[in-house]
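Presented below is the structure to which this report refers.
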Amino acid sequence: MDDIRNRGFLAGEIDSFRRRYRSAYSNSFATCEAKSDAATAQLFNADLAKLDSPAQMHVVMAVGFWCRSLRACQGAILLLEKGMVSEAFSLTRNAYECLFFAAALISDPGVMESLKSGDSHARREQAKSMLDIGLKENAWTPEQVASLEEVMAEHAGGKKQLSVYEAAEKAGMAFVYATVYRGLSFISSHATIASTDSVFEQRGEGFGAVFGPSDVQLEFCLGLVDTCLAEGMKRLSAYLRPA
């Protein structure tokens, strides 16, 4: 049976919910998608060749983060259509995080050096963790141990990159971090008690588990996506001009 009870969100039955939600929240979807369309067209029409120089690498990286933010926003819209609001919240949080770093790079080109150092630090820490735990569990061959040690040596000297909060602060978005980003971390992205609200409901004096589409807070999430898109376009538009 191709229904929710057997296939969950993979069921063909989900299409009926998609049509229902698109109709019920047509204005909110239309407003949000109009910004998404404009941001996408802006990217495709931008003349990025002028950014091809070492002095502009921080802008190139900012555009990269903005691309990731836009993709996350569009992914959230697709999830909201299917009533996967909690999952859309998680992607929306990711969209804001990428926006913070994009805007921080525009505000302070020195952020690029922190990202480079942070990349080396992360690679070294990954290799070190794999090596340490793998040696305890006899998981590696001598060749693999040598390869991991080579990665650690290659990336020695790196330091942790600036935090998400520091990026938001540099971007002038500390308030958005405190209200939107931290809130989304708490209610959706991390394994917290609050993040399970979407899968339980009160039934009489007890409770029951819920697994299926819901439009609870759907419009609120669309509003957050809309704001992220608007803010990103405002901050990146000067660097995404057509030829």
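Key figures for this structure:
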{"item": "Relative contact order (%) - the range 36-124, alpha-carbon pairs under 8 angstrom, separation at least six", "result": "32"}
{"item": "Calculated FRET efficiency for the pair E143/N27, C-beta based, R₀ 51 Å, to 0.05", "result": "0.25"}
{"item": "Debye log10 I(q)/I(0) for the range 21-131, one point scatterer per Cα, at q = 0.10, 0.17, 0.22 Å⁻¹", "result": "-0.41, -0.93, -1.17"}
{"item": "The range 20-98 versus the range 187-238: alpha-carbon centroid distance in Å", "result": "17"}
{"item": "Computed helical MRE - 222 nm, the chain, DSSP H runs ≥ 4 contributing -39500 (n - 2.57), nearest 500", "result": "-20500 deg cm²/dmol"}
{"item": "Choice from F44, F100, F186 with maximal GNM fluctuation in the chain (Cα, 10 Å cutoff)", "result": "F44"}
{"item": "Above-threshold pairs, the threshold being 28 Å between Cα atoms, out of K170/K234; K50/K116; K50/K234; K82/K160; K35/K116", "result": "K82/K160; K35/K116"}
{"item": "Space enclosed by the convex hull of the alpha-carbon atoms of the range 52-117, per residue, Å³", "result": "69"}
{"item": "Distant alpha-carbon pairs in the chain (separation over 33 angstrom), percent", "result": "35"}
{"item": "Viscosity 1.567 mPa s, 4 °C: Kirkwood-radius Stokes-Einstein D of the range 120-222 over Cα pairs, µm²/s", "result": "71"}
{"item": "Carbon and sulfur %, accessible surface of the range 39-149 computed with the full protein complex present, 1.4 Å", "result": "56"}
{"item": "The chain: most fluctuating residue of S86, S114, S23 per GNM, C-alpha cutoff 10 Å", "result": "S23"}
{"item": "Length-normalised contact order for the chain - Cα pairs under 8 Å, 6+ apart - percent", "result": "31"}
{"item": "Choice from Q161, Q56, Q144 showing the highest fluctuation, given a GNM over the chain with Cα pairs closer than 10 Å", "result": "Q144"}
{"item": "Cα centre as origin, Lys/Arg/Asp/Glu Cβ charges: the chain dipole, Debye", "result": "420"}
{"item": "Given charges at beta-carbon only (K, R positive; D, E negative), |dipole| of the range 85-148 in Debye", "result": "60"}
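The values are calculated or read from the model by the stated rules, or taken from the named source; none is laboratory data. Note that the coordinates shown come from a computational prediction; the quantities given were computed from them, not determined experimentally. Cβ coordinates were reconstructed from backbone atoms using ideal geometry, including for glycine residues, and neighbour counts include every protein chain displayed. These accessible areas exclude ligands, DNA and RNA; they are computed on the full protein's heavy atoms, side chains included. Shrake-Rupley method; radii C 1.70, N 1.55, O 1.52, S 1.80 Å.
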